[in-house]
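Worksheet: the structure to be examined is printed underneath.
The values are calculated or read from the model by the stated rules, or taken from the named source; none is laboratory data. Just so we're clear, the structure is a prediction, and the values are computed from it rather than from any experiment. So basically every Cβ, Gly included, is an ideal-geometry build from the backbone, and we count neighbours across all protein chains shown.
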Amino acid sequence: MSDSYELRCRECGKTWGNAPRSFCEDCFSPLEVSYDYDALKKKARKENLAGRAFNMWRYAEFLPLHDDFTPTSAIGGTPLVASRKLAAQWGINNLYLKNDAVCFPSLSFKDRVVGTALVAARRFGFETVGCSSTGNLANAVAAQSAQQGFDACVFIPADLEPAKVLNTAVYGARIVRINGNYDHVNRLCAQIADRFKWGLVNVNLRPYYSEGSKTHGFEIAEQLGWRLPDNVVCPMAGGSLIGKIAKAFNELVTLGWVEAKPVKFFGAQATGCSPISDGVKRNLARFEPQKPNTIARSLAIGNPADGPFAMKLIRESGGWAEDISDREIIDAIKQLAETEGIFTETAGGVTAGVAQKLIQQGRIAADETTVVCITGNGLKTTDAIAADFPLTEAIAPRLDAFEAYLDNQFTAAAAATK
Amino acid sequence: MPVTIEIPTAFRRFTDGTPKIDCSAATIADALNDLTTRFPALSRHVRDEQGQIRQFLNVYLNEEDIRFLGGEGCTLKEGDRVLLVPSIAGG
């Protein structure tokens, strides 16, 4: 099979063809998919998009797919919401929310990465696929495996949110709960990939998997009218997504689909697991791993493999990284819901809350075009905010009961304002 | 102290296929030096040009990343397992 792409080491540049492997055996650095951009310029034309549905596969030429690839489901193609109320509250004028809380089929941006990972899994002949996951990835692997006929086996920290576990189990996936945090699960999966002939999407299929993230960036550029934003605020767990959005933008510039311009990349973490933002803020050469302790479990990776690349991108782009407390995460979830009607999970709360903090710090200016990446759905992490919404007292199904209820509400409101 | 170093498949082309070695070492640094002395071809894959453990190679002492144990100077006790694992990304 002749390919227009192959694996290349991100540090030493050595090429490794196409195979289920994620790191360079010379320097242990991560591999990523590189393309023949001269060939791509001839093959990929913006006008080709006209007849294609608005989902991630419309950018097929930029993804590690075979030439006769046919999409099996419409992943991605999520809204870019032009914010009015939230922008006003934050005091800026050009705010957009890329809303992967409604990504198909499992309601997070992880659907995109699993899309490309399973194409690779099929290519390499795997029958069983799996992942180490903080939840969203397990949901996505389970859903798409069910549709495509793979056996799925996912590995998760034992204390994951019940909704995320259920949202994996319902598709018939085997779930292995690990007594430990995500970094323990990750380490185990590295050893499993070393021992078994399984396609672990974020281990031995990782280079193909992470390419799917680029479609989040392609969509942003297209939805802005084929232009790049000034600022991107992106959540960081393993630190991969932020770099893939940058790669997507760079590829569009290389092919002349958008005008080149400087884009600042801002990374968002929870203070309870903030190795990358800590590294940026303290200007460390290497980040220091942390033991996660935050409600934002989908970002709770204390030893982020792509952290060094994320730090480099943030620094070189002139961006910054910040982190916020669990209380601030909950407040940001509520603010996003109350202003834009978007219910995001804790990771989205992190990103929104950090965006607000960056604006307050003066790092994001009012007239610049700013895109905030919302990557997951709030229905998956209701436990994290439930305490803010206690059940109200039920009333009898009678008009006088409702009138009494209203009287009580007015009295309570008046007392609260005294 | 007699300890065991477990070698990932990717490194075994430099260790004649050996999956693990037993050695006597007082610290992680000693153990890694023992490993790379026995298999000199492995040396540049374990440490970078500055002599630091490569950024994308994680070293564990039993269940714990050595960076939580004070780094490669942390001391070993009899029967400890030292694992070398490439870092992988998020979930």
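The table below gives the values:
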quantity: Residue in segment B:68-76 that is within 14 Å of A:P289 (Cα to Cα) and at pLDDT below 90 present; calculated: no
quantity: Out of A:A260, A:A285, A:A305, sole residue that is facing chain B (nearest Cβ under 10 Å), free of Cβ contacts under 8 Å to residues at least 40 places away in the same chain and either closer than 22 Å to A:T370 by Cβ or not in a strand (DSSP E or B) (or both); calculated: A:A285
quantity: Matching residues, segment A:102-143, being within 21 Å of A:T346 (Cβ to Cβ), of a type in the set (S, T, Y) and not in a loop (DSSP other than H, G, I, E, B); calculated: A:S108, A:S132
quantity: Hey, A:Q290 within 11 Å of chain B (Cβ to nearest Cβ), surrounded by 19 or more Cβ atoms within 10 Å (Cβ to Cβ) and at pLDDT 95 or above or not; calculated: yes
quantity: Residue satisfying condition, being within 12 Å of chain B (Cβ to nearest Cβ), surrounded by fewer than 20 Cβ atoms within 10 Å (Cβ to Cβ) and closer than 29 Å to A:Q290 by Cα, within set A:I156, A:I175, A:I192; calculated: A:I192
quantity: Output for segment A:308-333, where each listed residue is more than 14 Å from chain B (Cβ to nearest Cβ) and within 20 Å of A:A246 (Cα to Cα); calculated: A:L313, A:I314, A:R315, A:E316, A:S317, A:G318, A:G319, A:W320, A:A321, A:E322
quantity: Residue tally, condition modelled with pLDDT under 90 and among the charged types (D, E, K, R), over segment A:11-42; calculated: 3
quantity: Residue list for segment A:214-257, restricted to those being of a type in the set (S, T, Y), outside any loop (DSSP other than H, G, I, E, B) and buried (at least 23 other Cβ atoms within 10 Å of the Cβ); calculated: A:T215
quantity: So A:Q223, is it more than 14 Å from chain B (Cβ to nearest Cβ) and touching a strand residue (DSSP E or B) at 6+ places or on another chain (Cβ under 8 Å); calculated: yes
quantity: Spans of strands (runs of 3 or more DSSP E) in segment B:13-91 with at least 1 residues without any contact (Cβ under 8 Å) to a residue 60 or more places away in the chain and within 14 Å of chain A (Cβ to nearest Cβ); calculated: B:20-24, B:57-61
quantity: Residue count for segment A:28-43, restricted to those that are part of a loop (DSSP other than H, G, I, E, B) and surrounded by fewer than 19 Cβ atoms within 10 Å (Cβ to Cβ); calculated: 1
